[in-house]
Amino acid sequence: MSRNTELFERACQTIPGGVNSPVRAFRSVGGSPRFITRALGPYMWDADEVRYIDYVGSWGPAILGHAHPEVIRAVQEAATSGLSFGAPTEAEIEIAEAIAARLPSIEKVRLVSSGTEATMTAIRLARGFTGRSKIIKFEGCYHGHADSLLVKAGSGMLTFGNPTSAGVPPEFIKHTLVLDYNKLDAVEAAFKEFGADIACIIVEPIAGNMNLIKPVPGFLEGLRALCTQYGALLVFDEVMTGFRAGPQGVQGLSGVTPDITTLAKVIGGGMPVGAFGGRADIMEHIAPIGNVYQAGTLSGNPVAVAAGLVTLKLLSEPGFYDRLEAQSKKLTQGLAKRAKAAGVTLCSDYVGGMFGLYFRESIPTTFAEVSTCDTELFKRFFHGMLLKGVYFAPSAFEAGFISSAHDDDVIQTTLDAAEEVFAKL
Ligand code: KE4
């Protein structure tokens, strides 16, 4: 029996579903998850010592490849000075300054330990700052597992959402309005009906949790204009896209400036760091100077911050994002070309170091469109590639991630494997 299977069976005895985050359980693709023993550069090895080219990258953080020597050294050095103090450190100032220097929307920033904490607090801050209760999110966007965000669209356009999780009382989500991504008219209608009570819009400015879905021209600009017009705050959830889609995230690519930005993943370089930041007049509502409470024992942890600081430094090397995006382009266009040659219906898209593969005729722009992807074909592709040592996200509705360690040889090996898999799909 595979060591992975043995470990999975043992894990299921003491961990719900055998994993510490649901998507890792392979439930949407079937089969047994791989238990990873080590990772280096573009590679991971599982408990059977099988090597994989990794296109998940810990769901975004591993943008420099795994175990980058400078990041590891920074973590080791920080750890020898102690792991956590529960008191301020100079490193926290340095990473706050580094984030604010890179994102013009951020004048002040507070560190937390996950993307969920960042978005949960951003919502509370928007409500505290505006004194309003309602929030708008979009179907298919995921912002972590805070109660008020675990909501799917209700029936009809302007009804409030329904919980996507047991344990969330309807009262907790009654102020959450779920609309269709890339449909500005529904947002306008919502503001016409509820404008004076809408605290914020929270949006993935490029969606990466319903595969990769880009905003159509005018969508982000429209959200910005409506929030400004009605006095609501625009929250860009850049937990995934921050320093991944480009050097200034999507706010840099689009020129649309949010009032609050949430971050995580890349800014921790693989260690637990999240953050929310924005205009100083908004952030000054956060405790201890303001009346919006937020706290965290390990917020700004010196070992985690050390990893984030070195990661942000290395991302700033000249040409980093041009090289990263060139690899995403080679991979996605190479896959689409080989699928076409094999008669497989596949299209693809990319931005910076993230990409989408869609088993459908055309690149989707809405949740409804991406929902028509052929998930059975994806499953066969996923397992075919896994058997050839290539590890894509175990879900048809996740974005993929590339690192600066994915060189031309790694891409070519992936494309050669895909050619064989497409031929048998
Ligand atoms: P975390 O709490 O998982 O650090 O961040 C939540 C979150 C918030 N906002 C966006 C845009 C996100 O993508 C995420 C988390 N992303 C998923 C991947 N789709 C994390 C993987 C997982 O849940 O295990």
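Note on the stretch 203-240: residues that are in a loop (DSSP other than H, G, I, E, B) and among the basic types (Lys, Arg) total 1.
For the stretch 360-397, what are the residues that are hydrophobic (A, V, I, L, M, F, W, C) and assigned to a helix (DSSP H, G or I)? Across the stretch 360-397, the qualifying residues are PHE367, ALA368, VAL370, LEU377, PHE378, PHE381, PHE382, MET385, LEU386, LEU387. Hey, PHE172 hits all of (1) open to solvent by 10 Å² or more (accessible area, probe 1.4 Å); (2) out of contact with any Asp or Glu (no Cβ under 6 Å at 6 or more places or on another chain) but one; which does it fall short on? Result: PHE172 passes all but (2).
Scanning the stretch 318-343 for residues that are on the phi < 0 side of the Ramachandran plot, open to solvent by 20 Å² or more (accessible area, probe 1.4 Å) and more than 20 Å from the chain's Cα centre (by Cα) yields a total of 12.
Each row is one residue, and each column tells you yes or no for (1) outside the structural domain of GLN327 (by TED's automatic domain parsing); (2) out of contact with any helix residue (DSSP H, G or I) (no Cβ under 9 Å at 6 or more places or on another chain); (3) over 18 Å from VAL410 (Cα atoms).
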site	(1), (2), (3)
GLY30	no, no, yes
ARG34	no, no, yes
TYR43	no, no, no
VAL50	no, no, no
TYR55	no, no, no
TRP59	no, no, yes
ILE63	no, no, no
ALA74	yes, no, yes
ALA79	yes, no, yes
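Restricting the stretch 224-252 to residues that are of a type in the set (A, V, I, L, M) and under 20 Å from the mean Cα position of the chain (by Cα), the residue that is farthest from VAL351 (Cα to Cα) is LEU234.
If you check SER371 against the conditions, is it open to solvent by 10 Å² or more (accessible area, probe 1.4 Å) and modelled with pLDDT under 95? It is true that SER371 is open to solvent by 10 Å² or more (accessible area, probe 1.4 Å) and modelled with pLDDT under 95. Check whether at least one residue in the stretch 243-253 is open to solvent by 10 Å² or more (accessible area, probe 1.4 Å), in the same structural domain as ALA207 (by TED's automatic domain parsing) and closer than 28 Å to ALA78 by Cα, and report yes or no. Within the stretch 243-253, one or more residues are open to solvent by 10 Å² or more (accessible area, probe 1.4 Å), in the same structural domain as ALA207 (by TED's automatic domain parsing) and closer than 28 Å to ALA78 by Cα. Right, PHE236: more than 28 Å from VAL56 (Cα to Cα), of a type in the set (Phe, Trp, Tyr), open to solvent by less than 10 Å² (accessible area, probe 1.4 Å) and in contact with a strand residue (DSSP E or B) (Cβ under 9 Å, 6 or more places away or on another chain) or not? So PHE236 fails the test.
Okay, residues lined up against (1) within 16 Å of the ligand (Cβ to nearest atom); (2) modelled with pLDDT of 95 or more; (3) out of contact with any strand residue (DSSP E or B) (no Cβ under 7 Å at 6 or more places or on another chain); (4) closer than 20 Å to ALA326 by Cα:
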residue: ILE363; (1), (2), (3), (4): no, yes, no, yes
residue: GLU376; (1), (2), (3), (4): no, yes, yes, no
residue: LYS388; (1), (2), (3), (4): no, yes, yes, no
residue: PHE392; (1), (2), (3), (4): yes, yes, no, yes
residue: PHE401; (1), (2), (3), (4): yes, yes, no, yes
residue: SER404; (1), (2), (3), (4): no, yes, yes, yes
residue: ALA418; (1), (2), (3), (4): no, yes, yes, yes
residue: LYS424; (1), (2), (3), (4): no, yes, yes, no
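This table checks each residue for (1) assigned by TED's automatic domain parsing to the domain that holds SER81; (2) at pLDDT 95 or above; (3) open to solvent by 60 Å² or more (accessible area, probe 1.4 Å); (4) over 26 Å from LEU83 (Cα atoms).
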position: PRO272; (1), (2), (3), (4): yes, yes, yes, no
position: ASP281; (1), (2), (3), (4): yes, yes, yes, yes
position: ILE289; (1), (2), (3), (4): yes, yes, yes, yes
position: GLY296; (1), (2), (3), (4): yes, yes, no, no
position: SER299; (1), (2), (3), (4): yes, yes, no, no
position: PRO302; (1), (2), (3), (4): yes, yes, no, no
position: ALA306; (1), (2), (3), (4): yes, yes, no, no
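Filtering the stretch 184-202 for residues that are assigned to a loop (DSSP other than H, G, I, E, B) and assigned by TED's automatic domain parsing to the domain that holds PHE138 leaves an empty set. Say we look at the stretch 133-156 and pick out the residues that are farther than 14 Å from GLY274 by Cβ, within 16 Å of the ligand (Cβ to nearest atom) and assigned to a loop (DSSP other than H, G, I, E, B); which of these is nearest to the chain's Cα centre (by Cα)? Across the stretch 133-156, the extreme among qualifying residues is TYR142. A residue that is open to solvent by 40 Å² or more (accessible area, probe 1.4 Å), in contact with an Asp or Glu (Cβ under 8 Å, 6 or more places away or on another chain) and aromatic (Phe, Trp, Tyr) cannot be found anywhere in the stretch 396-411. Report, by residue number, each residue of the stretch 260-310 that is among the hydroxyl-bearing types (Ser, Thr, Tyr) and either touching a helix residue (DSSP H, G or I) at 6+ places or on another chain (Cβ under 6 Å) or within 13 Å of the ligand (Cβ to nearest atom) (or both). Once the filter is applied, which keeps residues that are among the hydroxyl-bearing types (Ser, Thr, Tyr) and either touching a helix residue (DSSP H, G or I) at 6+ places or on another chain (Cβ under 6 Å) or within 13 Å of the ligand (Cβ to nearest atom) (or both), the stretch 260-310 yields THR261, THR262.
Among residues of the stretch 384-412 that are in the same structural domain as GLY352 (by TED's automatic domain parsing) and farther than 22 Å from LYS265 by Cβ, those with a beta-carbon under 9 Å from a residue that is of a type in the set (Lys, Arg) and within 16 Å of the ligand (Cβ to nearest atom) at least six positions away or on a different chain give the pairs LEU386/ARG34.
For the stretch 86-132, a tally of residues being in a helix (DSSP H, G or I), polar (S, T, N, Q) and open to solvent by 20 Å² or more (accessible area, probe 1.4 Å) returns 2.
The values are calculated or read from the model by the stated rules, or taken from the named source; none is laboratory data. Just so we're clear, the structure is a prediction, and the values are computed from it rather than from any experiment. A quick note on method: Cβ atoms are made from the backbone with ideal geometry, for glycine too, and the neighbour counts reach across all protein chains shown. Only protein heavy atoms, including side chains, enter the accessible area calculation; ligands, DNA and RNA are left aside. Shrake-Rupley method; radii C 1.70, N 1.55, O 1.52, S 1.80 Å.
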